[in-house]
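Chemist: This is the structure I want to talk about, given as structure tokens.
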Amino acid sequence: MKIYQFIFLFVLINYNSYSQEKKEFKILKSVKTSPLKNQQSSGTCWSFATTSFIETEAIRLGKDEISLSPMFYVTPAYMGKAEKFIDKKGESWFDAGDLTFSVLDGYDKFGAIPEKVYDGIIEKDWQHDHAEMDNLLREMVKSIGTSGYGRIKPYSWKKSIKAVLDAYLGTAPSAFLYKGKLYSPTSFAREYVGISPDDYIEITSYSHNDFYKMFVLDIPANWNSNKYLNLPIKDFERVIDSALESGYSLAWDGDASEPNFDFDTGLLKLTASEEENAVTQELRQTTFENKTTTDEHNMHIIGIAQDTKGNPYYLLKNSEGDNKYGGYVYMSKKALLLKTISILVHKDAIPNDIKKNLI
């Protein structure tokens with residue numbers, strides 16, 4: 001076979017494969033978003049998903065597309081978790097994971113930085129790899145918080161923890177040039193990104209607390225006792241669909257460990273029998289209480305889709321690896337309704353009739 005014939009055949013095979021993949025799903029509605037990023041070997045899906053959400057909100061507000069640094073929020077989140085763990089003498093959650101709240105809180109207090117200015121990868125390294133750092137920090141706070149000696153040196157331990165974070169992630173700059181203008185992280189967040197953290201709300205749907213009220217959701221990563229709005233499942237579903245139809249995206253927190261969740265192919269759905277049955281409030285509650293639904297992963301919901309049989313799906317940006325959809329994943333509506341812990345969305349995306357019921 002001549003070289004030009006081989007090239008033609010290669011292109012034809014890949015084009016046909018791509019076309020077939022495209023036919024698997026029809027995107028009915030999608031929100032304009034920023035390019036996908038990869039968290040690599042780090043437990044920072046919470047920051048990748050939330051910074052993607054913020055980038056997308058900035059686009060919705062008419063701002064220029066920007067790739068923010070997810071790693072900028074890792075240091076303040078770790079410092080906050082360490083302080084709580086030590087203050088509670090080990091009776092608080094401390095791990096690499098976290099929630100959208102920590103990114104919004106970090107944005108509010110410290111601002112934002114473009115990823116090209118600060119990416120959290122130190123010199124001579126090539127990717128996000130936090131295993132060593134996470135293990136070291138865990139042992140440090142455990143030693144300090146549970147030593148039992150009764151004396152803790154607050155200035156010393158804070159400097160020590162911060163030094164470890166700086167050693168592995170580098171030190172974020174206090175000022176930087178971006179497109180010819182000098183910014184601080186706070187001025188960049190205010191002037192270039194332009195979102196207000198107070199405009200956003202986390203929503204969940206569980207029957208062990210009153211509906212239409214805010215409450216502290218008891219999940220391990222909620223180390224700072226953040227409050228969620230609790231809605232019945234039908235209203236919960238309506239908020240998700242109404243937001244996407246109106247041009248709002250949503251940050252997602254939920255369980256990604258289902259046997260049929262295949263991130264390599266980008267298809268996330270329940271078993272065949274589960275997909276045939278309705279997702280009820282009772283079923284959501286059961287899987288939450290028996291811990292088959294846990295807050296183990298975060299992604300970013302950006303669209304509504306359907307498969308070739310007309311079954312409803314959602315399009316999500318993932319931050320873990322690649323697949324035939326370029327790192328994006330399709331999650332069935334029933335899988336999302338059952339396996340979602342919470343969603344983060346702009347308050348204006350909540351339908352007015354639901355807002356009227358809020359207590």
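Chemist: Check Ser187, Ser249 and return the single one that is surrounded by fewer than 16 Cβ atoms within 10 Å (Cβ to Cβ), polar (S, T, N, Q) and either within 20 Å of Trp46 (Cα to Cα) or out of contact with any Pro (no Cβ under 6 Å at 6 or more places or on another chain) (or both).
Modeler: Ser187 is the lone residue from the list that is surrounded by fewer than 16 Cβ atoms within 10 Å (Cβ to Cβ), polar (S, T, N, Q) and either within 20 Å of Trp46 (Cα to Cα) or out of contact with any Pro (no Cβ under 6 Å at 6 or more places or on another chain) (or both).
Chemist: Now for a different question. For the range 169-184, which positions are open to solvent by less than 50 Å² (accessible area, probe 1.4 Å) and not in a helix (DSSP H, G or I)?
Modeler: Scanning the range 169-184 gives Gly170, Ala172, Pro173, Phe176, Tyr178, Tyr183, Ser184.
Chemist: Further question on the same structure: Please go through (1) open to solvent by 40 Å² or more (accessible area, probe 1.4 Å); (2) under 18 Å from Val74 (Cα atoms) for Glu91 and return the number of the only condition it doesn't satisfy.
Modeler: Unmet condition: (2).
Chemist: Right, here's the next one. Just wondering, is there one or more residues in the range 254-271 that are out of contact with any strand residue (DSSP E or B) (no Cβ under 7 Å at 6 or more places or on another chain), open to solvent by less than 60 Å² (accessible area, probe 1.4 Å), within 17 Å of Lys355 (Cα to Cα) and of a type in the set (Val, Ile, Thr)?
Modeler: no
Chemist: For residues that are part of a helix (DSSP H, G or I) and surrounded by fewer than 23 Cβ atoms within 10 Å (Cβ to Cβ), tally how many sit in the range 226-238.
Modeler: Going through the range 226-238 one residue at a time, the tally reaches 5.
Chemist: Let me ask something else about it. Out of everything in the range 50-76 that is of a type in the set (A, V, I, L, M, F, W, C) and more than 14 Å from the chain's Cα centre (by Cα), what residue ends up being most open to solvent (accessible area, probe 1.4 Å)?
Modeler: If we take residues in the range 50-76 being of a type in the set (A, V, I, L, M, F, W, C) and more than 14 Å from the chain's Cα centre (by Cα), then Leu61 is most open to solvent (accessible area, probe 1.4 Å).
Chemist: Which of the helices (runs of 4 or more DSSP H) contained wholly in the range 255-359 include at least 1 residues that are under 22 Å from the mean Cα position of the chain (by Cα) and farther than 16 Å from Lys26 by Cα?
Modeler: Hits in the range 255-359: 281-289, 333-339.
Chemist: Going through the range 109-136 one residue at a time, which ones are of a type in the set (Asp, Glu) and more than 16 Å from Trp46 (Cβ to Cβ)?
Modeler: Glu115, Asp119, Glu123, Asp125, Asp129, Glu132 - these are the residues of the range 109-136 that are of a type in the set (Asp, Glu) and more than 16 Å from Trp46 (Cβ to Cβ).
Chemist: Among (1) of a type outside the set (Phe, Trp, Tyr); (2) in a helix (DSSP H, G or I); (3) in contact with a strand residue (DSSP E or B) (Cβ under 6 Å, 6 or more places away or on another chain), there is one condition Met140 misses while meeting the rest; what is its number?
Modeler: Tallying (1) of a type outside the set (Phe, Trp, Tyr); (2) in a helix (DSSP H, G or I); (3) in contact with a strand residue (DSSP E or B) (Cβ under 6 Å, 6 or more places away or on another chain), Met140 fails exactly one: (3).
Chemist: Inspect all residues belonging to the range 214-225 and state whether any of them is of a type in the set (S, T, N, Q), crowded, with 20+ Cβ neighbours inside 10 Å, at pLDDT 95 or above and in contact with a helix residue (DSSP H, G or I) (Cβ under 7 Å, 6 or more places away or on another chain).
Modeler: no
Chemist: Right, something else. Go through the range 98-125 residue by residue and tally those that are in a loop (DSSP other than H, G, I, E, B) and modelled with pLDDT of 95 or more.
Modeler: Residues in the range 98-125 being in a loop (DSSP other than H, G, I, E, B) and modelled with pLDDT of 95 or more: 10 in total.
Chemist: Residues Asp134, Asp129, Asp166: which one is open to solvent by 60 Å² or more (accessible area, probe 1.4 Å) and among the acidic types (Asp, Glu)?
Modeler: Asp129
Chemist: Would you mention how many residues in the range 275-298 are farther than 15 Å from Lys333 by Cβ and open to solvent by less than 70 Å² (accessible area, probe 1.4 Å)?
Modeler: Of the residues in the range 275-298, 10 are farther than 15 Å from Lys333 by Cβ and open to solvent by less than 70 Å² (accessible area, probe 1.4 Å).
Chemist: If we scan the range 139-156, do we find a residue that is open to solvent by less than 50 Å² (accessible area, probe 1.4 Å), within 25 Å of Ser174 (Cα to Cα) and within 26 Å of the chain's Cα centre (by Cα)?
Modeler: Looking through the range 139-156, none of the residues is open to solvent by less than 50 Å² (accessible area, probe 1.4 Å), within 25 Å of Ser174 (Cα to Cα) and within 26 Å of the chain's Cα centre (by Cα).
Chemist: Failed condition for Tyr192, given (1) assigned to a loop (DSSP other than H, G, I, E, B); (2) surrounded by fewer than 22 Cβ atoms within 10 Å (Cβ to Cβ); (3) of a type in the set (Phe, Trp, Tyr), with all others met?
Modeler: Result: Tyr192 fails condition (1) only.
Chemist: If only one of Phe101, Phe110 is in contact with a helix residue (DSSP H, G or I) (Cβ under 7 Å, 6 or more places away or on another chain) and surrounded by 14 or more Cβ atoms within 10 Å (Cβ to Cβ), which one is it?
Modeler: Every option except Phe110 fails the conditions.
Chemist: I've got another one for you. Give me the pairs: first residue in the range 79-93 and touching a residue at least 24 places away in the same chain (Cβ under 8 Å), second residue of a type in the set (Val, Ile, Thr) and surrounded by fewer than 18 Cβ atoms within 10 Å (Cβ to Cβ), beta-carbon distance under 6 Å, and six or more apart or on different chains, which are they?
Modeler: From residues that are touching a residue at least 24 places away in the same chain (Cβ under 8 Å), the pairs are Gly90/Thr146.
Chemist: Ok, one more. Any residue at all in the range 187-198 that's under 14 Å from Leu104 (Cβ atoms) and among the acidic types (Asp, Glu)?
Modeler: yes
The values are calculated or read from the model by the stated rules, or taken from the named source; none is laboratory data. All of these numbers come straight from a predicted model, not from anything done at the bench. Reconstructed Cβ throughout: ideal geometry from the backbone, glycine too, with neighbour counts over all protein chains shown. Note: areas computed on protein heavy atoms with side chains; ligands, DNA, RNA excluded. Shrake-Rupley method; radii C 1.70, N 1.55, O 1.52, S 1.80 Å.
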